[in-house]
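The block underneath contains the structure these notes are about, expressed in structure tokens.
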Amino acid sequence: MVRNATALLLVLTLAAASPFGQTPIKLPKNSYTPAQDVELGRKAAAEARKQYAVIDDPVIARYLTRLGDRLVAVAPRELNQPVYEYSFTPLNVKAINAFALPGGPMFVNRGMFEAAKEEGEVVGVMAHELSHVLLRHGTANASKARNPWLQLGQLAGIIGGAVVGGTAGGVISQGSQFGLGTILLKYSRDFEKQADLLGAQMMARAGYDPRALARMFETIEKESKGGGSPQWMNSHPNPGNRTAYITKEAGQLASGPPPDTSDFPGAKEAFAKIPGGASSAKRNESAASETPGAIGVPGRPVPAPSSQFRSVGVNGVFQATVPANWTGIESPDSIKFVPPNAFGPLNGETVFTHGVEFGVARSGSRDLREATSAWITAVRQDNPDIRVAGDQRTLPLSQRTAMATPLSNPSPLGGDEWMTVYTTFLADGSLFYYLTLVPAREAPDYDLAFERITRTLRLTDAP
Ligand SMILES: [Zn+2]
């Protein structure tokens with residue numbers, strides 16, 4: 001009896017370890033729930049649909065969805081959360097790229113489709129993207145980011161775009177250093193390898209040859225070296241030996257019955273009939289001279305603050321009004337509002353010359369003066385010439401005690417620039433800051449605007 005039980009246990013253990021000799025896949029640490037993945041993905045997808053031209057063609061839509069459904073059907077059950085909302089959307093963009101957002105929305109550029117020589121290659125990219133969704137790599141990145149803005153649970157608020165609308169670079173600005181895309185869609189080499197392996201396993205189960213995935217990546221890399229598709233390579237870095245380990249994995253996988261791929265040529269024809277195909281996001285098309293993420297061209301004249309103001313804010317942190325001609329630039333831990341030509345590359349560095357910034361920083365101290373000094377010390381690491389340029393004073397800000405500190409720094413535009421940083425504590429003990437920035441010689445033109453922003457600023461983190 002005992003012997004039989006042991007033998008049975010041994011068989012079960014072997015079966016669990018390697019049903020087909022496939023590599024086990026690790027689900028990374030994640031502090032978000034699957035339902036939060038869905039919520040984030042839904043908001044980011046709405047932004048993506050605004051930012052990119054969606055192809056509205058029933059043949060293409062049906063085809064892409066059929067490929068996606070085939071993959072979802074063979075996704076590992078323990079990873080396929082019932083709350084996920086899968087969708088597969090074709091974009092009229094020529095760059096070879098595809099991306100998937102937390103919780104299921106996937107976007108495939110026509111360029112990816114046009115570069116594919118067979119259905120398996122498109123399916124390979126989709127399987128890789130679906131793996132990022134199943135392994136929850138986007139929110140795993142956000143969990144790792146450990147910055148206070150995200151810890152305040154503001155990721156959804158930032159993506160929402162409703163509060164910060166109109167960013168030039170866009171929320172899903174892959175390939176640029178700005179925007180939320182860098183958190184949700186920029187994967188580590190380790191995550192890439194996991195997505196390749198799980199993708200290969202799902203392809204085999206769906207009856208495709210997983211080596212098509214490796215071939216498609218080789219095509220993408222070739223195009224990238226010619227300057228064709230840096231976006232994909234930026235968000236999906238090659239872990240090294242990609243072709244080798246996918247080929248090895250493919251050799252260990254049992255294959256499902258071959259799928260019907262006879263619709264591939266018809267879908268290709270349908271794509272070819274769609275006119276246009278933007279080279280990148282539709283909003284940036286006309287701005288060829290601008291760097292993605294830049295607001296105008298730094299060094300050119302900066303127009304005066306508009307007398308019209310608009311409301312901005314981040315749910316649960318702050319609300320304020322800013323001049324209507326200023327654009328929001330969100331980053332993981334702060335939001336700037338800048339006039340035209342006041343943010344972007346100048347002489348090889350990214351400069352911010354006029355405007356305001358709202359942000360949250362961790363604080364080790366409950367003493368406002370100490371916490372403010374620590375913040376200034378941290379800022380000085382990137383800007384060593386910043387100095388305190390006058391007396392600090394305390395003042396009420398949104399019915400809390402705040403401290404105003406005047407600072408000065410050499411302006412990248414020549415002369416000095418003046419800053420005032422206002423600091424106060426949020427209910428959770430982190431430091432909220434709001435700073436105003438303007439070149440000294442233009443300061444009088446900004447007095448009224450800064451005064452109005454300061455007066456309308458409300459902290460909304462506690463009742
Ligand atoms: Zn990837």
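The values are calculated or read from the model by the stated rules, or taken from the named source; none is laboratory data. For clarity, every value in this text was computed on a predicted model and none was experimentally measured. Methodologically, a virtual Cβ is constructed for each residue, glycine included, from the backbone with ideal geometry; neighbour enumeration extends over all protein chains shown.
Brief remarks on what is shown
- The listed residue being of a type outside the set (Lys, Arg), more than 20 Å from Asp367 (Cβ to Cβ), buried (at least 19 other Cβ atoms within 10 Å of the Cβ) and in the same structural domain as Thr353 (by TED's automatic domain parsing), out of Ala440, Ala402, Ala449: Ala449
- Listed by first and then second residue, the pairs with beta-carbon distance under 7 Å, at least 6 apart or on different chains, first residue in the range 256-272 and more than 19 Å from Gln201 (Cβ to Cβ), second in a loop (DSSP other than H, G, I, E, B) and charged (D, E, K, R), are Phe264/Glu118; Ala270/Asp57.
- Residue selected from the range 290-311 under the condition at pLDDT below 85 and in contact with a strand residue (DSSP E or B) (Cβ under 6 Å, 6 or more places away or on another chain), by the criterion nearest to Thr456 (Cα to Cα): Ile295
- Residues that are assigned to a strand (DSSP E or B) and either touching a helix residue (DSSP H, G or I) at 6+ places or on another chain (Cβ under 7 Å) or surrounded by 21 or more Cβ atoms within 10 Å (Cβ to Cβ) (or both) within the range 293-312 comprise Ile295, Pro298, Phe309, Val312, listed in sequence order.
- Some residue of the range 431-447 being assigned to a helix (DSSP H, G or I), free of Cβ contacts under 8 Å to residues at least 60 places away in the same chain and over 28 Å from Val297 (Cβ atoms): no
- Scan of the range 61-84 for residues that are among the hydrophobic types (A, V, I, L, M, F, W, C) and either in a helix (DSSP H, G or I) or buried (at least 21 other Cβ atoms within 10 Å of the Cβ) (or both), ordered by number: Ala61, Leu64, Leu67, Leu71, Val72, Ala73, Ala75
- If you go through the range 327-342 and pick out every residue that is at pLDDT 80 or above and closer than 18 Å to Val421 by Cβ, you end up with 5.
- In the range 190-212, residue farthest from the ligand (Cβ to nearest atom) [restricted to those that are among the small types (Gly, Ala, Ser) and outside any helix (DSSP H, G or I)]: Gly207
- Among the candidates Gly415, Gly344, residue that is surrounded by fewer than 14 Cβ atoms within 10 Å (Cβ to Cβ), assigned by TED's automatic domain parsing to the domain that holds Thr454 and small (Gly, Ala, Ser): Gly415
- Of all residues in the range 356-407, those being acidic (Asp, Glu) and assigned to a loop (DSSP other than H, G, I, E, B) number 3.
- Options Asn147, Asn97; residue that is over 14 Å from the mean Cα position of the chain (by Cα), within 16 Å of the ligand (Cβ to nearest atom) and modelled with pLDDT under 90: Asn97
- Residue in the range 414-427 that is out of contact with any strand residue (DSSP E or B) (no Cβ under 7 Å at 6 or more places or on another chain) and either of a type in the set (Lys, Arg) or at pLDDT 95 or above (or both) present: no
- Ala389 being surrounded by fewer than 19 Cβ atoms within 10 Å (Cβ to Cβ) and under 19 Å from Leu426 (Cα atoms): no
- Considering the range 167-196, the residues that are among the aliphatic types (A, V, I, L, M) and within 14 Å of His236 (Cα to Cα) include one that is modelled with the lowest pLDDT, namely Ile183.
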